[in-house]
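Asks: Take a look at this one; I'll ask things after.
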Ligand SMILES: [Fe+2]
């Protein structure tokens, strides 16, 4: 009996020691920082982002591990290395929307909700910065009268025949723009519109957004469609003296001012399914939406801030801030209508 009792006490003692050492190990992991981290997969390739994450670590003690790459490759890795990624940071609501099956809800904290208007977020992904997809024109060949009342819809008007450049239909920015047109006008009308667009093209689509602006500057076309931050980027000189000079030859025009407003899109962050550091990921998103981080982002990317009270880069301010944004068309529609958008563009022969 005494022998059994001794054995029991010994077993309980060992169990207590075991439990205690487990707690010690857990504490030491936190203390040296290995589990106090967040893993982000980012398609943003800005050196300046590293400084931003360092600020976050200094404030919170949370280490930021960054995997950089192109969106397609990152999405494959996030799926292949399930349970690794916490946040997926990329451009375009259409891209985040199309990846939604691999994201989870949870970006619904009061800080996030009050910072980001509801049309620029879901529970799974939220806008971090905004951009507009607008028209650029050559002032010596396009008059103010010709531009008056210009809409995305009217870009298909035969008066622009042979005068328009826009990139290919496989481009996500175009897919999101066309998705928004389908949401507002219906698929049938946008199928006809796509044909009109193809008829008006000065050349078969090629190159990135900056290449469209360059084509207008070079006289290959009179109007181009491209995102707002590219003009500022070119004007800044960061893309070289040649692009800077070209950017000075074109002017921005914000379409649909008499109606729903100019097409808006976001760069954003999505909360990945199976995120091992969910709470830290939410903290990082909240930090990215802080005034300090927003100032840092807009001055490096030339995007518009997501939150109120932050001014964009002076070169973006110069493009005009008093335009009407389309705040009616929720950006979640860009993913929902993406397949339809690609279908109508392809059917119209939009390369
Ligand atoms: Fe871009």
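The values are calculated or read from the model by the stated rules, or taken from the named source; none is laboratory data. Computed from a predicted structure; not experimentally measured. For neighbour counting, all protein chains shown are included, and Cβ atoms are generated from backbone atoms with ideal geometry for every residue, glycine included.
Asks: When both residues are 6+ apart or on different chains and their Cβ atoms are under 7 Å apart, which pairs have a first residue that lies in the range 86-99 and is more than 17 Å from residue 342 (Cβ to Cβ), and a second that is within 16 Å of the ligand (Cβ to nearest atom) and assigned to a loop (DSSP other than H, G, I, E, B)?
Replies: 89/43; 89/44; 90/43; 91/43
Asks: Also: Can you find a residue that is assigned to a strand (DSSP E or B), in the same structural domain as residue 75 (by TED's automatic domain parsing) and buried (at least 16 other Cβ atoms within 10 Å of the Cβ) anywhere in the range 113-125? Can you show your working first?
Replies: Within the range 113-125, the subset assigned to a strand (DSSP E or B) is 121, 125.
Retained after the next criterion (residues that are in the same structural domain as residue 75 (by TED's automatic domain parsing)): 121, 125.
Restricting the remaining residues to those that are buried (at least 16 other Cβ atoms within 10 Å of the Cβ) gives 121, 125.
Within the range 113-125, one or more residues are assigned to a strand (DSSP E or B), in the same structural domain as residue 75 (by TED's automatic domain parsing) and buried (at least 16 other Cβ atoms within 10 Å of the Cβ).
Asks: Which residue out of 140, 146, 153 is more than 13 Å from the chain's Cα centre (by Cα), in the same structural domain as residue 187 (by TED's automatic domain parsing), without any contact (Cβ under 8 Å) to a residue 12 or more places away in the chain and within 30 Å of residue 217 (Cβ to Cβ)? Full working, then the answer.
Replies: Values: 146 fails: without any contact (Cβ under 8 Å) to a residue 12 or more places away in the chain; 153 fails: without any contact (Cβ under 8 Å) to a residue 12 or more places away in the chain.
Among 140, 146, 153, only 140 is more than 13 Å from the chain's Cα centre (by Cα), in the same structural domain as residue 187 (by TED's automatic domain parsing), without any contact (Cβ under 8 Å) to a residue 12 or more places away in the chain and within 30 Å of residue 217 (Cβ to Cβ).
Asks: Identify the single condition in (1) under 21 Å from residue 264 (Cβ atoms); (2) surrounded by fewer than 23 Cβ atoms within 10 Å (Cβ to Cβ); (3) within 16 Å of the ligand (Cβ to nearest atom) that residue 239 does not satisfy, given that it satisfies every other one.
Replies: With (1) under 21 Å from residue 264 (Cβ atoms); (2) surrounded by fewer than 23 Cβ atoms within 10 Å (Cβ to Cβ); (3) within 16 Å of the ligand (Cβ to nearest atom) applied to residue 239, the lone miss is (1).
Asks: Report yes if some residue within the range 65-72 is free of Cβ contacts under 8 Å to residues at least 24 places away in the same chain and either closer than 16 Å to residue 275 by Cα or not in a loop (DSSP other than H, G, I, E, B) (or both); otherwise report no. Break it down into steps so the answer makes sense when it comes.
Replies: Residues of the range 65-72 free of Cβ contacts under 8 Å to residues at least 24 places away in the same chain: 72.
So of that shortlist, the ones also either closer than 16 Å to residue 275 by Cα or not in a loop (DSSP other than H, G, I, E, B) (or both) come out as 72.
Yes, the range 65-72 has at least one match.
Asks: Still on this structure, please answer the following. Among the residues of the range 282-340, count how many are outside any helix (DSSP H, G or I), surrounded by 17 or more Cβ atoms within 10 Å (Cβ to Cβ) and in contact with a helix residue (DSSP H, G or I) (Cβ under 6 Å, 6 or more places away or on another chain).
Replies: Of the residues in that region, 12 qualify.
Asks: What tally of residues in the range 242-281 results from selecting those that are in a loop (DSSP other than H, G, I, E, B) and either touching a strand residue (DSSP E or B) at 6+ places or on another chain (Cβ under 8 Å) or crowded, with 24+ Cβ neighbours inside 10 Å (or both)? Give the steps one after another, and end with the answer.
Replies: First, the residues of the range 242-281 that are in a loop (DSSP other than H, G, I, E, B): 248-250, 254-261, 263, 273-277.
Adding the requirement that they be either touching a strand residue (DSSP E or B) at 6+ places or on another chain (Cβ under 8 Å) or crowded, with 24+ Cβ neighbours inside 10 Å (or both) leaves 250, 254-256, 261, 263, 273, 275-277.
Residues flagged as in a loop (DSSP other than H, G, I, E, B) and either touching a strand residue (DSSP E or B) at 6+ places or on another chain (Cβ under 8 Å) or crowded, with 24+ Cβ neighbours inside 10 Å (or both) within the range 242-281 amount to 10.
Asks: Restricting attention to helices (runs of 4 or more DSSP H) lying wholly within the range 159-230, give those where 2 or more residues are touching a residue at least 60 places away in the same chain (Cβ under 8 Å) and within 16 Å of the ligand (Cβ to nearest atom).
Replies: Details: elements: 172-185, 187-200, 209-217.
Here the list reads 172-185, 209-217.
Asks: Step by step: first the residues of the range 73-107, then only those that are assigned to a helix (DSSP H, G or I) and within 16 Å of the ligand (Cβ to nearest atom), then the one that is surrounded by the fewest Cβ atoms within 10 Å (Cβ to Cβ). Which residue is that?
Replies: Within the range 73-107, the subset assigned to a helix (DSSP H, G or I) is 73-80, 93-98, 100-102.
In the following step, the residues that additionally are within 16 Å of the ligand (Cβ to nearest atom) were identified as 74, 93-96.
Working: 74: 21, 93: 30, 94: 28, 95: 26, 96: 29.
Among them, the one singled out is 74.
Asks: With respect to residue 278, determine if the residue is touching a residue at least 12 places away in the same chain (Cβ under 8 Å), under 30 Å from residue 105 (Cα atoms) and away from the ligand (no atom under 16 Å from the Cβ). Quick ask: steps written out before the conclusion?
Replies: On the way: touching a residue at least 12 places away in the same chain (Cβ under 8 Å): yes; under 30 Å from residue 105 (Cα atoms): yes; away from the ligand (no atom under 16 Å from the Cβ): yes.
Spelling it out, residue 278 is indeed touching a residue at least 12 places away in the same chain (Cβ under 8 Å), under 30 Å from residue 105 (Cα atoms) and away from the ligand (no atom under 16 Å from the Cβ).
Asks: What are the residues in the range 126-150 that are more than 16 Å from the ligand (Cβ to nearest atom) and either assigned to a helix (DSSP H, G or I) or under 18 Å from residue 338 (Cα atoms) (or both), if any? Reasoning before the result, please.
Replies: The first filter runs over the range 126-150 and keeps only residues more than 16 Å from the ligand (Cβ to nearest atom), leaving 126, 135, 137-150.
Answer for the range 126-150, where residues must be more than 16 Å from the ligand (Cβ to nearest atom) and either assigned to a helix (DSSP H, G or I) or under 18 Å from residue 338 (Cα atoms) (or both): 144, 145, 146, 147.
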